[in-house]
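Structure first, then comments.
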Amino acid sequence: MKLWGGRFSKNTDVLVEEFTSSISFDCRMYKEDIAGSIAHATMLAKCGILEAEEASVIIDGLKDILADIEAGKFSFEVSLEDIHMNIEQRLTERIGAVGGKLHTARSRNDQVALDTHLYLRRELSEIGGLIKNLQQAFLEVAQKHENVIMPGYTHLQRAQPILFAHHMLAYFYMLVRDFDRLNLVYKHTDMMPLGAGALAGTTFPIDRQFVADQLGFGKVYDNSMDAVSDRDYILEFLSFASILMMHLSRISEEIILWSSAEFQFIELDDAHCTGSSIMPQKKNPDVAELVRGKTGRVFGHLMAMLTVTKGLPLAYNKDLQEDKEGLFDTIDTVKFSLTVYASMLKAMKIREENMTDALASDFSNATDMADYLVTKGLPFRQAHAVVGKSVAYAIAQNKVLGDLTLNEFKQFSPLFEADILKAIQVEHCVSARNSFGGTSYTEVGQSFLRAKQYLLDEQIQLDKYTKNVL
């Protein structure tokens, strides 16, 4: 007999049981379900709804079930539908009819909402730590190679010389924003729905704030209908995760390009690559490719959840059971991607000589040549035209700008002096870009300091989150 089967005269069809069951995936929330039930039972006793002895028996029974699950001695049953009913049924079998009193003043609607809030809150703490760890990897790689100069690109065409460290720090700061978005997700996840009942609250004199305090929640939902139907925090997590994975996909694309024979800017460690079953020479950047591929998977979970919720009337609907598989898969995907990326970055080899050679054969110092003319009094637009003609001339002569003689420079403008050759050296091009956030050695040094402060601030936030992990 189902725990809800009192008004039914037929058993549930086996196919319907399988179709509606969620135990295959929501079983991972067993810790949260038991913690929520213990807090609920404690509150019921405090408010005089249960006898203290009854609550004690229930809590001891729940702790025994937790021990059995963690020891692998608990068998989950599809016929019991979900994690909540599996645990409640086993509790009643063990301690008798008093186990049935645990569900007083709550519904599976607010119970599943509580479990999901608790579960995601715990995972956010771990994901935040993994983001910080990846930021640390970017910072370490940048500092290790702080004087390496490489071509900077726009439109995937060589644009201006930059420090390799500056490029790495760009991803560091993307992750700063990702961490900020995680903070917002955490704020809306850190809300306690239990006590909302099915949708309208309860007639029992419960104390929702007491439960929230036991479970470390920062806020209690103000509206019972909103509490059981809200999945904004999941949507926000999926949105956060999608943007985070997009950032990882962008660096993946660059890792893949840089490790190719056409670039040869980096070499990935053998431990993070695979080979070909037919071509013995191949060393494939599979980790970067998989992260790039899994990004679409996370995007899909966001779109699926938006579609599930877009037409739902208040309050709870069975459609909302579809929130968990995409959520769990996204959590697993993000954690894997962040973890493997940090180790891959730290192990990769930077081929500085190839970056230097690339700069020696291009025109990425052309903007600095135009800036030189501006310092001599020529309006930038005219300077731009002069340099454009100089570049065209150099290409025709199979030269780069640094190969031109002073006489050749003066063909295009009498403002050129002997110091033009120093002005267009790549080291000077980099060091001269001293504007805030620029690629100069000085500014990148300041950026290192700011990055370290961000890491300290994030750790303070993570320490606060960790306090609430069950």
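At a glance:
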read-out: Top-ranked residue in the stretch 131-161 [being among the aliphatic types (A, V, I, L, M) and more than 13 Å from TYR171 (Cα to Cα); ranked as surrounded by the most Cβ atoms within 10 Å (Cβ to Cβ)]; value: MET150
read-out: Neighbours by Cβ (under 7 Å, 6+ apart or cross-chain): first from the stretch 253-280, free of Cβ contacts under 8 Å to residues at least 60 places away in the same chain; second part of a helix (DSSP H, G or I) and of a type in the set (Lys, Arg); value: GLU253/ARG292
read-out: Conditions (1) within 30 Å of ASP362 (Cβ to Cβ); (2) touching an Asp or Glu at 6+ places or on another chain (Cβ under 8 Å); (3) assigned to a loop (DSSP other than H, G, I, E, B); (4) not β-branched (Val, Ile, Thr); number of the one not met by PRO151; value: (3)
read-out: Filtered residues of the stretch 425-447 (kept if crowded, with 17+ Cβ neighbours inside 10 Å, among the aliphatic types (A, V, I, L, M) and over 14 Å from ALA165 (Cα atoms)); value: VAL426
read-out: Count of the stretch 310-327 residues which are of a type outside the set (Asp, Glu) and crowded, with 19+ Cβ neighbours inside 10 Å; value: 6
read-out: Residue, nearest to ALA212 (Cα to Cα), within the stretch 440-470, restricted to residues that are among the polar types (S, T, N, Q) and modelled with pLDDT of 95 or more; value: GLN461
read-out: Residues of the stretch 165-209 that turn out to be touching a helix residue (DSSP H, G or I) at 6+ places or on another chain (Cβ under 7 Å) and aromatic (Phe, Trp, Tyr), as a count; value: 4
read-out: Residues located in the stretch 375-413, provided they are free of Cβ contacts under 8 Å to residues at least 12 places away in the same chain and aromatic (Phe, Trp, Tyr); value: PHE380
read-out: Selection count, the stretch 213-243, where residues are charged (D, E, K, R), touching a helix residue (DSSP H, G or I) at 6+ places or on another chain (Cβ under 6 Å) and outside any helix (DSSP H, G or I); value: 1
read-out: Cβ-Cβ under 6 Å pairs, at least 6 apart or on other chains, the stretch 293-320 side closer than 23 Å to THR333 by Cα, far side among the charged types (D, E, K, R) and in a helix (DSSP H, G or I); value: VAL308/ASP319; VAL308/GLU322
read-out: Residues that are surrounded by 24 or more Cβ atoms within 10 Å (Cβ to Cβ) and assigned to a helix (DSSP H, G or I), drawn from the stretch 90-110; value: LEU102, ASP110
read-out: Conditions (1) at pLDDT below 95; (2) crowded, with 21+ Cβ neighbours inside 10 Å; number of the one not met by THR274; value: (2)
read-out: Extreme residue, nearest to GLU289 (Cα to Cα), among residues of the stretch 256-276 that are in a loop (DSSP other than H, G, I, E, B) and acidic (Asp, Glu); value: ASP269
read-out: Residue among TYR233, TYR221 that is buried (at least 19 other Cβ atoms within 10 Å of the Cβ), without any contact (Cβ under 8 Å) to a residue 40 or more places away in the chain and under 30 Å from ASN109 (Cβ atoms); value: TYR221
read-out: Residues located in the stretch 168-203, provided they are in a helix (DSSP H, G or I) and either under 12 Å from SER224 (Cβ atoms) or acidic (Asp, Glu) (or both); value: ASP178, ASP180
read-out: Test for LEU306: is it surrounded by fewer than 15 Cβ atoms within 10 Å (Cβ to Cβ) and in a helix (DSSP H, G or I); value: yes
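The values are calculated or read from the model by the stated rules, or taken from the named source; none is laboratory data. Since the structure is predicted, the reported quantities are computational estimates derived from the model, not experimental observations. Methodologically, a virtual Cβ is constructed for each residue, glycine included, from the backbone with ideal geometry; neighbour enumeration extends over all protein chains shown.
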